[in-house]
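Quick notes on the structure that follows.
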Amino acid sequence: MIISFLLAVITAAGLLFLDIDTLNLEDSLGDEVDDETFDMIYDYLDTYLRFCGVIFLIIGIVQLVGAYFAIKRTYWIFVVIAAFLGLFTIGPFCLGSILSIAAVVFIFLSKDEFDQDKGTPPEQYPPQQDSYYSQPPTPPQSDSYNGQPPPPQSKLCDECGEMMTYDEGYGLWFCERCDRYK
Ligand SMILES: [Zn+2]
């Protein structure tokens with residue numbers, strides 16, 4: 001819990017330094033605008049800065065999402081990627097990179113806290129097995145065997161050899177000659 005909180009704070013701090021760094025770059029570049037001879041270079045640098053700004057913005061968003069996942073302690077790999085991306089945000093006095101290194105260390109230390117047994121929910125299998133075993137129960141089969149008489153095929157008396165008739169009421173075979181239920 002504490003490690004995750006520290007991680008979130010560190011990542012957020014890295015994002016903050018990242019913004020300051022980008023602002024500083026724009027400010028320093030703004031001083032060079034007066035020099036008209038470097039207009040072309042400025043245009044190039046401006047495009048370059050905007051491009052970098054977009055990249056830094058994306059990295060910042062990724063870090064923000066990474067911090068969110070770090071708090072939730074899910075998608076550990078994503079948090080690692082976000083922290084590694086933070087390494088490229090140097091920031092003032094390399095604080096961005098230093099904080100990102102610390103974040104990576106903390107992420108690896110708190111790896112056990114993350115959800116790793118997501119894909120193996122063992123509680124889902126027992127109910128499936130129960131339903132599988134309870135669904136094809138024997139009642140229909142036993143009903144057909146108990147309620148219905150045995151195949152009413154002809155049966156010969158084993159004593160006199162006469163054709164016997166099946167009595168459904170008694171569930172027995174009756175020999176007329178022997179006058180007996182079998
Ligand atoms: Zn008989």
Seminar exercise, completed: Ordering 156-168, 68-80 by per-residue average of other C-beta atoms within 10 angstrom, highest first, gives 68-80, 156-168
For this session: Straight distance only, please: which lysines reach the Cα of LYS111 with their own Cα at less than 16 Å, same-chain residues fewer than 8 apart left out?
Result: LYS72
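Taken together, the values in this text are just the output of simple stated rules run on the coordinates, not laboratory data. In this text the structure is predicted, and so the values were computed from the model without any measurement. Positions of Cβ are backbone-derived with ideal geometry, glycine not excepted, and every protein chain shown enters the neighbour counts.
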